[in-house]
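Colleague: Got a structure for you, questions after.
The values are calculated or read from the model by the stated rules, or taken from the named source; none is laboratory data. Worth saying up front: this structure is predicted, and the values here are computed from it rather than measured. With ideal geometry, Cβ positions are generated from the backbone for all residues, glycine too; neighbour counts draw on all protein chains shown. Note: accessible area is taken over every heavy atom of the protein model, side chains too, but ligands, DNA and RNA are not part of it. Shrake-Rupley method; radii C 1.70, N 1.55, O 1.52, S 1.80 Å.
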Amino acid sequence: MPPVFPMLTVLSMFYYMCLRRRARTATRGEMNSRRAIESNTRALPINVEIVQYAKEVLDFSSHYGSENSMSYTMWNLAGIPNVYPSSGDFTQTAVFRTYGTWWDHCPSARLPFKRTPTTFCSQDYVELAFEEPVYPTAVHILETYHPGAVVRILACSANPYSQNPPAEVRWEVLWSEAPTKVNGPQARQFTPCIKQINFPTNLIRLEVNSSLLEYYTELDAVVLHGVKERPVLSLKTSMIDMNDIDEDEDDEKYGCGMDTLSKQFSIVALREWPSNGYFDKLPYELIQLILSHLTVPDLCRLAQTCKLLYQHCCDPLQYIHLSLQPYWARINDTSLEHLQSRCTLIQWLNLSWTGNRGAISVSGFSRFLKVCGSELVRLELSCGHFLNETCLEVITEMCPNLQELNLSSCDKIPPQAFNHIAKVHSLKRLILYRTKVEQTALLSILNFCSELQHLSLGSCVMIEDYDLIASMMGAKCKKLRSLDLWRCKNITESGIAELASGCQLLEELDLGWCPTLQSSTGCFTNLARKLPNLQKLFLTANRSVCDTDIEELAANCTHLRQLDILGTRMVSPASLRKLLESCKDLSLLDVSFCSQIDNRVVLELNANFPNVFIKKSFTQ
């Protein structure tokens, strides 16, 4: 019989790792002085658990609703539930702008950044403030329609209601998981098992990925459970995720939770080996190719092994395309400073979500672009709340080759600052969704940036006359292929006529929630006749869309792939059949709340046209 001692040793080692993992959240002094640890209990109820709903929505990346309304907006997450436990499509919930993979298969889709870690899959986020800082014991998310989008929950050490800003802002992941498909759209209370942290928090961030969903996810409320005093852990440990142990062990071993990124970039004292093994026999280019598959933290770690690999890991050719969005919580001025020497040839840069709460300063951002901006072609700055007029001025001066600029949800940039963008004559893509761009600045941009192919003006509420904007587009932007006018409040048939006449290369047009457009004026039939290349057309919530419009689309826009006519009362099943028979490439048809299209019709159309996803939403 084989000896059992080795197995006992392995079990002892595992038990030690578990205890060490749990003890790591408390200092030795706290472990000794808090309370006596009782061996037969779990975390001791030292104090009463506090249960609180979100007090305020501080920040978010997108929402379905309007900036001047509460319907379908992130602001609905503040306070007690409005809908739960009911299921269905309700305006009182929080809804993000996109779902599924439809947005990845349209003309405006952007190429993904390489080197994005497989563990980072977040597409949107919302940050919630609570009244009392607590040590979290549970987070409940009340999902009322198509649940399953939440992929990460984080806690922040900064108190948004404190008068004194903290010297350091820490974010800790409470829970994360890859996107999973949930069977059925019914409401649920989602309560993942969260990790214990060693600081109190009243700032919680949810990150979502809606790519597996068949429709928009709807969130009703978030409940934070916690205690005021730090819990004392017992010896009777609860279930421990081995992935957590691996991550923390890596953080200790390599110092690379991205918080020590700056230190890794600046390391110069490296071992010099007499031989580099097989690496000495490999061509320089082949080593570069191998390293091109590593993430930024992995490059940092590898750079510490020897001088040869340090040289490869610091080669600017490794940083032609660089996305720092996955590490948004750890990027600061020092990180950018140490990256400067490596990014002198950078062409694509993604700083979306980074720099908030003082992590990146205007001066730090400016210094980086002055060194690294000359070759930039693509710059992603979504939700960069540190950006101001000085930053936009630096971008236009230091990035003469810039072709793509994403300022989505940069709602802190003052209106007059957008005038600087007109200096970048080479722009082909400009995303201004949820910004404060005003009419004068936008007219200047359209006048001087005639190479524009993709333009997003969704939810830009400070533009007074969209007809004038559309007229300028028709006159100056002849190469326009995609245009987002989501929730544009004042465009009329006159602007649509100018747009359709001048921008006949348009393949994608979003006119969702544009209430001033009426089918009776012939604006939609005019679009169908003038824009035969249309692949995506959103006429969301326009109740006037009728059979004539659908039949014109069927006759003229045979390349149509996505059509949203949610909310119309005037479209019959017969016209939809004509559309489906004519548009062989159609893959998405949203007929939610179309009064003439009931579930029986949808089932029939699905049976006859199985390659088309026909969506019919409901409210209970």
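Colleague: Applying 1/(1 + (r/R0)^6) with R0 = 60 Å to the Cβ-Cβ distance of THR440 and LYS281, what FRET efficiency is obtained, to the nearest 0.05?
Modeller: 0.45
Colleague: From the phi angles alone, apply the Karplus equation (6.51, -1.76, 1.60; θ = phi - 60°) to segment 284-296 and give each ³J(HN,Hα) in whole Hz, x where the residue is Gly or Pro.
Modeller: 4, 5, 5, 4, 4, 5, 4, 5, 5, 8, 8, 6, 4
Colleague: Roughly how big is the chain's charge dipole about its Cα centre, with Cβ charges of +1 (Lys, Arg) and -1 (Asp, Glu), in debye to the nearest 20?
Modeller: In total the dipole reaches around 780 debye.
Colleague: Where does helix 599-608 land angle-wise versus the long Cα axis of the chain, in degrees 0 to 90, nearest 10?
Modeller: 90 degrees
Colleague: Please work out the Cα center distance from segment 292-307 to segment 104-143, rounded to the nearest Å.
Modeller: Going from one Cα centre to the other spans 26 Å.
Colleague: Could you do me a favour and compute the accessible area per residue for the chain, 1.4 Å probe, result in Å²?
Modeller: That works out to 44 Å² for each residue.
Colleague: If I compute solvent accessible area with a 1.4 Å probe over the protein chains, what percent of it on the chain is carbon and sulfur?
Modeller: Answer for the chain: carbon and sulfur cover 53 percent of the accessible area.
Colleague: Can you tally the net charge around GLU507? Count Lys and Arg as +1, Asp and Glu as -1, for every other residue whose Cβ sits under 9 Å from the Cβ of GLU507.
Modeller: In short, +1.
Colleague: Still on this model: Starting from the Cα of LEU603, step 7 Å along the direction of its Cβ; do the same at ASN447; then give the gap between the two resulting points in nm.
Modeller: Label-label distance for LEU603 and ASN447, simple model: 6.0 nm.
Colleague: Can I ask one more? If I compute Cα extents along the principal axes in Å from the structure I just sent, which labelled value in (1) 75, 67, 61; (2) 82, 60, 56; (3) 202, 67, 27 lines up?
Modeller: (2)
Colleague: Moving to a separate point now. What is the set of long-range amide H partners of VAL151 at a cut-off below 5 Å, with H atoms built 1.01 Å from backbone N?
Modeller: Excluding prolines and chain starts, which carry no amide H, the hits are GLU207, VAL208, ASN209.
Colleague: Still on this structure: Mind putting a number on the dipole of segment 478-619 about its Cα centre? Charges go on the C-beta only, +1 for Lys and Arg and -1 for Asp and Glu, and I need it in Debye to the nearest 20.
Modeller: So the magnitude is around 160 debye.
Colleague: From the phi of every residue in segment 498-504, what ³J(HN,Hα) in whole Hz does the Karplus formula 6.51 cos²θ - 1.76 cosθ + 1.60 yield, where θ is phi - 60° and glycine or proline is x?
Modeller: 5, 5, 5, 6, x, 10, 7
Colleague: Roughly what % of DSSP beta bridges within the chain run antiparallel, to the nearest 5?
Modeller: Taking every DSSP beta bridge within the chain, about 55 percent pair in antiparallel fashion.
Colleague: So which GluC sites (Glu not before Pro) in segment 142-184 are both in a DSSP loop and have at most 15 other Cβ atoms within 10 Å of their Cβ?
Modeller: Hits after loop and neighbour filter: GLU168, GLU177.
Colleague: Let me see the pair-distance distribution of segment 478-619: every alpha carbon pair, 10 Å bin width, integer percents in order.
Modeller: Computed distribution, short to long bins: 13, 48, 33, 7, 0.
Colleague: Near HIS420, within a Cβ-to-Cβ distance under 13 Å, what is the net charge of the other residues, with Lys and Arg +1 and Asp and Glu -1?
Modeller: My count for the surroundings of HIS420 gives -2.
Colleague: Okay, moving on. For ASP298 and ASP585, FRET efficiency with R0 = 56 Å and r from the beta-carbon atoms, rounded to 0.05?
Modeller: 0.90
Colleague: Sticking with this one: Along the charge dipole of segment 49-227, pointing to its positive end and built from +1/-1 on Cβ of Lys, Arg, Asp and Glu, which listed residue (PRO112, VAL227, THR201) has its Cα farthest out?
Modeller: My answer, from the dipole projection, is PRO112.
Colleague: Using helices alone, I'd like the mean residue ellipticity at 222 nm for the chain: each DSSP H run of four-plus residues gives -39500 (n - 2.57), total over residue count, nearest 500.
Modeller: -7500 deg cm²/dmol
Colleague: Let me ask something else. Near THR540, within a Cβ-to-Cβ distance under 10 Å, what is the net charge of the other residues, with Lys and Arg +1 and Asp and Glu -1?
Modeller: -2
Colleague: Whose amide H sits under 5 Å from the amide H of GLN186, counting only residues 5 or more places off or on another chain, with H placed in the peptide plane?
Modeller: Residues meeting the amide H criterion: HIS146.
Colleague: Let me ask something else. Convert each backbone phi in segment 71-80 into a coupling constant with the Karplus relation 6.51 cos²θ - 1.76 cosθ + 1.60 (shift: θ = phi - 60°), then list the ³J(HN,Hα) values in order as whole Hz, x for Gly and Pro.
Modeller: Per-residue couplings from phi come out as 5, 6, 9, 5, 5, 5, 6, 7, x, 6 Hz.
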